[in-house]
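Peer 1: Just dropping this structure here.
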Amino acid sequence: MATKPKQTIAQQLTAGHLLIKNSIADAEIATLVAAFGYTVEKLNAGLSLHETAVEAVEAQQNKAGAQRTATQAYDEAEKTAHDAYQALAKVARAVYKQDPATLTTLGLTGAMPKDTAGFLAAAYTLFDNAAPLETLSQYGYDELRLPVERAKIAAYDTANQNQELAKGAAQQATVEQDAALEALNEWTAQYRKIAKVALRGKKQLLEKIGIAARTSPTKAQIEGKAKAALTRANKKAGNG
């Protein structure tokens with residue numbers, strides 16, 4: 001059985017606004033639905049739910065954008081930090097090839113960690129413990145260059161923290177958006193059912209609030225016709 005296509009968030013907000021706003025703006029609609037419990041105050045409560053949903057959607061979009069920006073900064077900082085680490089690691093491995101104790105001090109006894117936390121720990125160990133080693137200054141890593149290169153590791157550390165914060169904020173904003181939309185959709189779903197009763201027989205008023213008059217038979221009507229046709233066919237077969 002075909003299912004009704006799910007509305008986009010924009011469609012949900014547009015349909016909800018049309019439904020509620022026009023119910024308030026049209027005096028005849030407002031009078032008719034008020035007789036079924038939907039007073040102006042109650043309609044305004046629905047409008048407040050719509051406004052809350054709009055704000056939540058906008059906030060989610062803002063946080064999602066901030067997360068994308070933070071992720072881009074993270075990716076760039078990661079590439080820069082990895083390059084800085086690998087460059088010093090290669091030089092140190094070459095210089096201290098015959099000095100395993102120093103390589104251990106620099107944390108270069110294994111491959112570069114692939115996870116963020118492991119990499120940061122290894123990178124800080126490498127740069128901090130390389131600072132006192134005068135031999136490295138002969139190969140480009142002197143007291144001026146080392147702090148500059150280490151700063152790339154710190155920048156990656158900061159970018160990682162910022163990305164995690166942005167990710168958490170975006171996830172929370174999505175939760176709040178979903179809750180606001182659910183509250184709005186529950187309200188509008190119930191109101192639509194009541195409005196159909198209050199405005200029954202008034203096609204133009206229903207269309208004004210976005211409720212199209214039914215032009216196709218209901219499921220019950222279809223099943224009823226099918227049952228009647230089957231009954232007639234059975235009777236005809238029996239008479240034959």
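Peer 1: Applying the selection to the stretch 101-137, what residues are of a type outside the set (A, V, I, L, M, F, W, C) and either in contact with a strand residue (DSSP E or B) (Cβ under 8 Å, 6 or more places away or on another chain) or in contact (Cβ under 8 Å) with a residue 12 or more places away in the chain (or both)?
Peer 2: Of everything in the stretch 101-137, those that are of a type outside the set (A, V, I, L, M, F, W, C) and either in contact with a strand residue (DSSP E or B) (Cβ under 8 Å, 6 or more places away or on another chain) or in contact (Cβ under 8 Å) with a residue 12 or more places away in the chain (or both) turn out to be THR102, THR105, GLY107, THR116, TYR124, THR125, ASP128, ASN129, THR135.
Peer 1: Can you tell me which residues in the stretch 117-134 are crowded, with 17+ Cβ neighbours inside 10 Å and under 28 Å from THR71 (Cα atoms)?
Peer 2: Those that are crowded, with 17+ Cβ neighbours inside 10 Å and under 28 Å from THR71 (Cα atoms): PHE119, LEU120, ALA122, ALA123, LEU126, PHE127.
Peer 1: Among the residues of the stretch 70-87, write down those that are surrounded by 13 or more Cβ atoms within 10 Å (Cβ to Cβ) and farther than 20 Å from ARG150 by Cα.
Peer 2: Within the stretch 70-87, ALA70, THR71 qualify.
Peer 1: Would you check if there is a residue in the stretch 88-101 being within 30 Å of ALA173 (Cα to Cα), of a type outside the set (Ser, Thr, Tyr) and exposed (fewer than 13 other Cβ atoms within 10 Å of the Cβ)?
Peer 2: No: the stretch 88-101 contains no residue that is within 30 Å of ALA173 (Cα to Cα), of a type outside the set (Ser, Thr, Tyr) and exposed (fewer than 13 other Cβ atoms within 10 Å of the Cβ).
Peer 1: Let me ask you something else. Considering every residue within the stretch 148-168, establish whether at least one is over 43 Å from the mean Cα position of the chain (by Cα) and either loosely packed, with under 13 Cβ neighbours inside 10 Å or farther than 30 Å from GLU55 by Cβ (or both).
Peer 2: no
Peer 1: Exactly one of these conditions fails for LYS90: (1) more than 30 Å from GLY65 (Cβ to Cβ); (2) among the charged types (D, E, K, R); (3) touching a residue at least 40 places away in the same chain (Cβ under 8 Å). Give me its number.
Peer 2: Going through (1) more than 30 Å from GLY65 (Cβ to Cβ); (2) among the charged types (D, E, K, R); (3) touching a residue at least 40 places away in the same chain (Cβ under 8 Å) one by one, LYS90 breaks only (3).
Taken together, the values in this text are just the output of simple stated rules run on the coordinates, not laboratory data. Since the model is a prediction, treat every value here as computed from it, not as a measurement. No Cβ is skipped: glycine too gets one built from the backbone with ideal geometry, and neighbour counts run over all protein chains shown.
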